[in-house]
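The values are calculated or read from the model by the stated rules, or taken from the named source; none is laboratory data. Just so it is clear, the model here is predicted, and its values are computed rather than measured. Using ideal geometry, Cβ is built from the backbone for each residue, glycine included, and neighbour counts are taken over all protein chains shown. Surface accessibility is based on the protein's heavy atoms, side chains included, excluding ligands, DNA and RNA. Shrake-Rupley method; radii C 1.70, N 1.55, O 1.52, S 1.80 Å.
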Amino acid sequence: MSWEARADLLVVGTGVAGLTAALRAQSLGLRVLVVTKAAAEDGNTRWAQGGVAVVLPGQHDEGDTVDRHVADTLVAGAGLCDEDAVRAIVHGGPAAVTHLLALGAVFDPGPDGKLARTREGGHSAFRVVHAGGDATGAEVERALLSATRDGQVPVLENHVAVQALKTPSGAVAGLHVLDPSGVPGVLTASAVLLATGGLGQLYQATSNPEVATGDGLALALRAGAPVADVEFVQFHPTVLYTGQGARGRCPLVTEAVRGEGAVLVDATGARVMEGVHPLADLAPRDVVAAAITRHMALERGGIDDHVFLDATHLDAATFRTRFPTVYSACLTVGVDPVVSPIPVAPAAHFACGGVVSDVDGRTGLVGLYAAGEVASTGLHGANRLASNSLLEGLVVGARAAEAVFADLASGRLADPGLAVVPDLPVAPVADRDSLQRVMSRYAAIGREAEGLAVVGSVLDVSAVDRVLDSRIAVEDAALTLVSRALIASAWARRESRGCHVRTDFPERDAGWARSQLVRLTPTGQPVLGNVTALRGAA
Ligand SMILES: Cc1cc2nc3c(=O)[nH]c(=O)nc-3n(C[C@H](O)[C@H](O)[C@H](O)COP(=O)(O)OP(=O)(O)OC[C@H]3O[C@@H](n4cnc5c(N)ncnc54)[C@H](O)[C@@H]3O)c2cc1C
């Protein structure tokens, strides 16, 4: 049994990037079809807490400007951002957020009736707008999904994208997809947009939900599109510590709690961030996560596997209304955050790298586009500035739909009728449990050559070739391939920069101020390339 459907644009993913793209594409008159491997609301977007970083006209701190937001993004990115991409995306923010509000998203008002704003790590001003206190992603997802349903944009839930279909000339012109029963089907289209989100499930403990398995990166690599900056996985400094050996999605304690005055302390009550960085507890995330890890290992001699976020001096009623999600998550582990410090530890949170693409979502392959967390536009460099990713999804999602429209009109895209349908792919699949264990042990914060080699050996020994004929096989193959790409990049980068901390090369090296590209050889091995004019070529 098999099935078939056709559209102008196939969007993979129902997070902020995919839904924004689908809505914009439909408004331009394109026939758009959205597929997602789970329920429509499953993805990183709905879990976003802190907010969207944006400098809105007439609604900003005195002296704050879009250019200051650009400057903060560049500092956080530790020398690896693409400045043109940063400018384009950050400057697109005000219009994108205004459009989201017009769609019906409800953000929290401040006492002056304008939007309330908070501050997060690395930001030099209060410019993060939020919804539902600390439930911004849920509101963004709700508003976009409701507009999608109102506009009757078709969404196929529980359909997993397996591989890109290509024409004989090498253009992407569709997808192989498994339906909820695992029956393979063919979707053809002139353009495919990957909006498949992140890869937090590479690690044992993560803020990401179960769907974040790096599928889009694997699909793009196998189709022949390069990925870049994959060694830069941001660990969120403050994920709720739920006990030794925590697994899977762990609740986040948003950085905005520190923005409102909470501080990190160890078991003795000593401040963790004092003297580490001029912004102390509000230093960029890579700095705070590495400082906590160092503090636990050195100051506390490795006896602690978590620290505490002390918010007990904040007003109790304000905490409950401003951070309802955090408050209720803390109560579930028996901690009342207005009375006791919150136990926290760093956990895998955000993929700074991804499929190489420009700010219009174009990748190196005709017909293949990428937007959101799966993409590497150059916005995040070696470390994402807090709350810049919902912004990226909103801006690049819309721009990618416009790029597809323009490319269709100019005849750049292939006739989907020419798509060749091969057999389902066969790929190496490692045991997920072992993979997550070695990735957490050797490829998290604090990596060194020997440990990275151990991960490579474990993957080599445990991986077996499998036909990708189920969602779990697709995910496990993606985790295996993305781990390999990450390990290769992390091993080669003999310096510490942003989220990539090498204990055997602890200093930043100016000679490494460049992105690394990963491609697959014809036999499926990841190989590294140097990147010159990287995104210009995309
Ligand atoms: C706990 C948490 C808090 C965060 N807080 C913030 C914040 O305050 N501000 C901010 O800017 N960012 C925040 N982020 C990051 C931000 O939420 C994400 O980067 C962003 O939402 C990603 O959106 P996306 O559209 O790229 O992907 P997602 O929202 O992750 O959506 C991915 C979609 O792709 C689908 N998919 C994946 N693989 C396949 C496949 N093979 N076939 C079919 N479908 C597939 C998934 O099912 C899902 O629908 C946070 C993230 C987390 C986890």
For the chain, dividing by residue count, accessible area per residue (probe 1.4 Å) in Å² works out to 35 Å²
Taking alpha-carbon centroids only, region 155-178 lies from region 17-49 a number of Å equal to 16 Å
Stretched fully, the stretch from residue 513 through residue 299 gains (0.36 nm per residue minus C-alpha distance, one decimal, in nm) 73.9 nm
Classified through the alpha carbon gyration tensor (a ≥ b ≥ c as square roots of its eigenvalues; rounded if a/c is under 1.5, else prolate when a/b is larger than b/c, else oblate), region 421-537 comes out oblate
Pseudo-spin-label distance residue 467 to residue 504, built 7 Å along Cα→Cβ, given in nm, is 4.2 nm
Here the Cα Rg-to-2.2 N^0.38 Å ratio for region 388-477 is 1.63
Honestly region 237-348 on the Cα gyration tensor test (a ≥ b ≥ c root eigenvalues; a/c under 1.5 rounded, otherwise a/b vs b/c for prolate or oblate) is just oblate
Rounded to the nearest 0.05, FRET efficiency between residue 270 and residue 437 (Cβ-Cβ, R0 25 Å) equals 0.20
Trypsin sites (Lys or Arg not before Pro) in region 1-63 lying in a DSSP loop, each with at most 16 other Cβ atoms within 10 Å of its Cβ, come to 31
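May I ask you to give the percent of accessible area on the chain that is carbon plus sulfur, with a probe radius of 1.4 Å?
54 percent
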Computed from the beta carbon distance with a Förster radius of 22 Å, FRET efficiency for residue 112 and residue 91 to the nearest 0.05 stands at 0.30
Charge dipole of the chain built from unit charges on the beta carbon (Lys, Arg +1; Asp, Glu -1), centred at mean Cα; most positive-end Cα among 355, 54, 235 is 355
Two pseudo-spin positions, 7 Å from Cα along C-beta at residue 339 and at residue 83, lie apart in nanometres by 5.4 nm
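Sorted from largest to smallest, which semi-axis lengths in Å does the alpha carbon gyration tensor of the chain give for its equivalent ellipsoid, taking the root of 5 times each eigenvalue?
34, 27, 21
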Scoring only Lys, Arg, Asp and Glu (+1, +1, -1, -1) among other residues with Cβ under 14 Å from the Cβ of residue 266 yields -3
The rounded separation in angstrom of the Cα centers of region 290-344 and region 400-422 is 50 Å
